[in-house]
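*Asks:* Starting off with a structure, shown below.
The values are calculated or read from the model by the stated rules, or taken from the named source; none is laboratory data. None of these values were measured; they are calculated from a predicted model. Here the Cβ positions follow ideal geometry from the backbone for every residue, glycine too, while neighbour counts run over all protein chains shown. Side chains are part of the model used for accessible areas, which takes the heavy atoms of the whole protein and leaves out ligands, DNA and RNA. Shrake-Rupley method; radii C 1.70, N 1.55, O 1.52, S 1.80 Å.
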Amino acid sequence: MSGLQNDCFKVGDEMIPFAEGLAILKSRAHRVVGTETVALRDALGRVLAEDVIAPRDVPPHDNSAVDGFAVMAADLNADGETRLPVTERIAAGHPLGRAARPGEAMRIFTGAPMPDGMDTVVMQEDVRIDGESVVIPAGLKAGANRRKRGEDVKTGAIVIPAGRRLRAQEIGLAASVGLGRIKVYQRLRAAVFSTGDEVRDPEFDDAGPGAIYDANRYSIGALLKGLGCEVTDLGILSDHVAEIRSALHDAAPGHDVILTSGGVSLGEEDHITHVVESLGSIDFWRLAIKPGRPMALGRVVDTAFVGLPGNPVAAMVTFLRIARPLILTLAGRTDVDPIHFKVPAAFSLTKKPGRREWLRASLKPGPDGAPAAHRHPHQGSGVLTSMVASDGLIELPEDLARVEEGQPVDFIPFGEMMS
Ligand code: AMP
Ligand code: MG
């Protein structure tokens, strides 16, 4: 299934603001994956393909929140102790099978169904046992220590909407309404290439004079796996048109998205753009962002194409802020926007207005214990150690020209963008 039109990502030659670029991606891309049903226990990280609608109440019956004695509140004296005979014992999983009568108390345990007619539980720590009776002090509120049927989930409620990524808590909730299998989207199939005559694989190659090890195929592959994609590592492309062309052409049929890094600027050795154009369509996005330019978006035959910049930090940051929403949309996700937090800056800085900038930063508690954002001192677009030393990205808006120490800035934790 193709999710992309001809010239799907055409935006013209103008410099485009980040928000506009993102809106274009979200409006022009849509889900390309089909569905499958998997065991709930294997569904972690998958994308839910249909709303989970609760077929039963949770909890399914009023039940005791503590170990103690079930009573009718109407039997209790308001201004003194109440003595009641203990007539039954109700353990979790063993409903009593008869309604309660006024004037009796029942031994009850956490999770055990409340018998019809009883509305209140007194904790075992708060009572005195006297032979076959229990003595309950004054002051117990009607309804105390009772969990009501349906207080977590009501029958018919949409408890998880389609398009959500299933985390541990969604898996637990789906189990609690009785689902043992669950309908999810098939994994998005992603292919990753690196480009450049200087790039070598750290597993298989020695880096001789003038060579560097390939960081991007490893970082981008890892990011894709974190997003739940099935990743094919297609190695390194040299800077030769014919090789790039046949590799991209062969990769297209079995994948939903192809990602490359490097080779997308306007340098003489940068051929990716022309090759993709000849196999489908491409647009060279002049995004008003830093780090990150240049990048290219388009399609190879029917497969989405993302050409990331070559510099390792730029490749990761543009992946996280631009490729990620596209990839998640193709994969059927609806919850694609990461959470931002306002955090005071622990630095001051002058910025060129007119572009959106991301700074690598870590959060450290200030004198009052509240976190402040510390900008990493090395913000070069090739300095991967700055990513390792940081907790996330500070996002500075286009119109901003200066950040003063203490000024609130938007901070996005890496964890928000890596799943
Ligand atoms: P390019 O966009 O191809 O001009 O590359 C920009 C910079 O990123 C150059 O310094 C490249 O050597 C470097 N680079 C490109 N691809 C990779 C890669 N896969 N891993 C590490 N550095 C890279
Ligand atoms: Mg290159």
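*Asks:* Please count how many residues of segment 364-383 are on the phi < 0 side of the Ramachandran plot and in a loop (DSSP other than H, G, I, E, B). It would help to see each step written out before you state the result.
*Replies:* Narrowing segment 364-383 to residues on the phi < 0 side of the Ramachandran plot: 364-368, 370-383.
After this cut, where a residue has to be in a loop (DSSP other than H, G, I, E, B) as well, the list is 366-368, 370, 376-383.
Residues in segment 364-383 being on the phi < 0 side of the Ramachandran plot and in a loop (DSSP other than H, G, I, E, B): 12 in total.
*Asks:* Now, a different point. Say whether the condition of being at pLDDT 95 or above and either closer than 30 Å to GLY298 by Cβ or open to solvent by 20 Å² or more (accessible area, probe 1.4 Å) (or both) is met by at least one residue in segment 10-27.
*Replies:* no
*Asks:* Find all pairs meeting these conditions: Cβ atoms under 6 angstrom apart; at least six residues apart or on different chains; first residue within segment 54-74 and in contact (Cβ under 8 Å) with a residue 24 or more places away in the chain and of a type in the set (Phe, Trp, Tyr); second residue crowded, with 19+ Cβ neighbours inside 10 Å and not in a loop (DSSP other than H, G, I, E, B).
*Replies:* PHE69/ALA105; PHE69/VAL122; PHE69/VAL134
*Asks:* Determine, yes or no, whether ALA361 is in contact with a strand residue (DSSP E or B) (Cβ under 9 Å, 6 or more places away or on another chain) and assigned to a helix (DSSP H, G or I).
*Replies:* No: the conditions fail for ALA361.
*Asks:* Next question, about the same structure. So, in segment 265-305, how many residues would count as being away from ligand 2 (no atom under 16 Å from the Cβ), assigned to a strand (DSSP E or B) and open to solvent by less than 40 Å² (accessible area, probe 1.4 Å)?
*Replies:* Qualifying residue count for the region: 14.
*Asks:* Hey, any hits in segment 211-229 for a residue that's over 19 Å from VAL33 (Cα atoms), of a type in the set (A, V, I, L, M), within 12 Å of ligand 2 (Cβ to nearest atom) and open to solvent by 10 Å² or more (accessible area, probe 1.4 Å)?
*Replies:* Yes: segment 211-229 contains one or more residues that are over 19 Å from VAL33 (Cα atoms), of a type in the set (A, V, I, L, M), within 12 Å of ligand 2 (Cβ to nearest atom) and open to solvent by 10 Å² or more (accessible area, probe 1.4 Å).
*Asks:* Hey, does segment 154-162 have a residue that's more than 16 Å from ligand 1 (Cβ to nearest atom) and in contact with a helix residue (DSSP H, G or I) (Cβ under 9 Å, 6 or more places away or on another chain)?
*Replies:* yes
Let's see how each residue does on (1) charged (D, E, K, R); (2) modelled with pLDDT of 95 or more; (3) in contact with a strand residue (DSSP E or B) (Cβ under 9 Å, 6 or more places away or on another chain); (4) open to solvent by less than 40 Å² (accessible area, probe 1.4 Å):
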{"residue": "ALA91", "(1), (2), (3), (4)": "no, yes, yes, yes"}
{"residue": "GLU104", "(1), (2), (3), (4)": "yes, yes, yes, yes"}
{"residue": "VAL121", "(1), (2), (3), (4)": "no, yes, yes, yes"}
{"residue": "ASP126", "(1), (2), (3), (4)": "yes, yes, yes, no"}
{"residue": "ASP130", "(1), (2), (3), (4)": "yes, yes, yes, no"}
{"residue": "VAL134", "(1), (2), (3), (4)": "no, yes, yes, yes"}
{"residue": "GLY139", "(1), (2), (3), (4)": "no, no, no, no"}
{"residue": "ALA144", "(1), (2), (3), (4)": "no, yes, yes, yes"}
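*Asks:* Please work out which one of (1) modelled with pLDDT of 95 or more; (2) within 14 Å of ligand 1 (Cβ to nearest atom) is the condition ASP205 fails and give its number.
*Replies:* With respect to (1) modelled with pLDDT of 95 or more; (2) within 14 Å of ligand 1 (Cβ to nearest atom), ASP205 is out only on (1).
*Asks:* On to the next question. Wholly within segment 108-225, which strands (runs of 3 or more DSSP E) include no fewer than the required count, namely at least 3 residues that are within 24 Å of ILE90 (Cα to Cα)?
*Replies:* The qualifying strands (runs of 3 or more DSSP E) are 120-123, 128-130, 133-136.
*Asks:* In segment 172-198, what count of residues is obtained for those that are within 16 Å of ligand 2 (Cβ to nearest atom) and out of contact with any helix residue (DSSP H, G or I) (no Cβ under 8 Å at 6 or more places or on another chain)?
*Replies:* From segment 172-198, those within 16 Å of ligand 2 (Cβ to nearest atom) are 192-198; that's our starting set.
Next, from what is left, pick out any that are out of contact with any helix residue (DSSP H, G or I) (no Cβ under 8 Å at 6 or more places or on another chain): 196-198.
Total satisfying the criteria: 3.
*Asks:* Residue check, VAL317 against (1) open to solvent by 10 Å² or more (accessible area, probe 1.4 Å); (2) away from ligand 1 (no atom under 12 Å from the Cβ); (3) out of contact with any helix residue (DSSP H, G or I) (no Cβ under 8 Å at 6 or more places or on another chain), all met but one. Which one?
*Replies:* (1)
*Asks:* Quick check on segment 245-264: of everything there that is within 17 Å of GLY196 (Cβ to Cβ) and away from ligand 1 (no atom under 14 Å from the Cβ), which residue is most open to solvent (accessible area, probe 1.4 Å)?
*Replies:* Among those residues, the one meeting the criterion is ARG245.
*Asks:* Another question, if that's okay. Which of the residues that make up segment 336-378 are open to solvent by less than 50 Å² (accessible area, probe 1.4 Å), touching a residue at least 60 places away in the same chain (Cβ under 8 Å) and touching a helix residue (DSSP H, G or I) at 6+ places or on another chain (Cβ under 9 Å)?
*Replies:* Correct list: VAL336, PRO338, ARG356, TRP358.
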